[in-house]
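See below for the structure under consideration.
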Amino acid sequence: MKHVIKHTLTPELARKVTRKAFDAYAERFKEYNPEVDWKTEDRAEISFRAKGIRLQGTLELKPSAVELELEVPMLLRPFRGRAIGIIDEEIRGWIGKAEAGELD
């Protein structure tokens, strides 16, 4: 199931925001070994570890949204909502900064 985060940014600014958000997330949650592998300018494969299990998903930039999909084994389904919520919060924070003109 895709999680959609709406925005009003240009594609270039959305790319910058998403990269900064994931970098901040990776720094904040180092213990989960978050990784991002940008396959194209607008699509990345993401992963991290929780309770010894590697979780994987995709992050895709659309013209007015960031779409996040995370594959989670049944055992860790409760963790999925928390993980997506934290990523959502990080991206929304950076979108807010960009919309306020606070992004360098």
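Mind checking segment 1-84 for GluC sites (Glu not before Pro) that DSSP puts in a loop (not H, G, I, E or B) and that have at most 12 other Cβ atoms within 10 Å?
Glu41
For a label point 7 Å from the Cα of Glu99 along Cα→C-beta, name the residues of segment 9-27 whose backbone N is under 13 Å from it.
So the set is 9-10.
Cα axis of helix 77-99 to longest principal axis of the chain: angle in degrees, 0 to 90, nearest 10?
10 degrees
Around Ala50, which amide H atoms from residues at least 5 apart in sequence, or from another chain, sit under 5 Å from its own amide H, with H modelled in the peptide plane?
Leu55
For segment 34-94, which trypsin sites (Lys or Arg not before Pro) pass both filters: DSSP loop (anything but H, G, I, E, B) and at most 15 other C-beta atoms within 10 Å?
Listed in order of number, the matching sites are Lys51.
For Arg92, put the label point 7 Å out on the Cα→Cβ axis and report which residues of segment 31-65 keep their amide N under 16 Å from it.
Counting backbone N atoms under 16 Å from the label point, the list is 65.
Work out how far the C-alpha atoms of the chain reach from end to end along every principal axis, then list the three figures in whole Å, largest first.
The Cα atoms of the chain stretch 40, 24, 23 Å along the principal axes, largest first.
Can you compute the FRET efficiency between Arg54 and Arg15 using 1/(1 + (r/R0)^6), with r the Cβ-Cβ distance and R0 = 25 Å? Round to the nearest 0.05.
E(calc), rounded to 0.05, equals 0.45.
Starting from the Cα-Cα distance between Val4 and Glu69, subtract it from 0.36 nm times their residue separation and give me the gain in nm to one decimal.
22.5 nm
Treating the angle as unsigned and between 0 and 90°, give the value, to the nearest 10°, between the Cα long axis of helix 11-28 and the longest Cα principal axis of the chain.
Value to nearest ten degrees: 40.
Throughout, read-outs are computed from the coordinates displayed, never taken from laboratory work. Small disclaimer: the values here were computed from a predicted structure and weren't measured. FYI the Cβ positions are ideal-geometry reconstructions off the backbone, even for glycines, and counts take in every protein chain you see.
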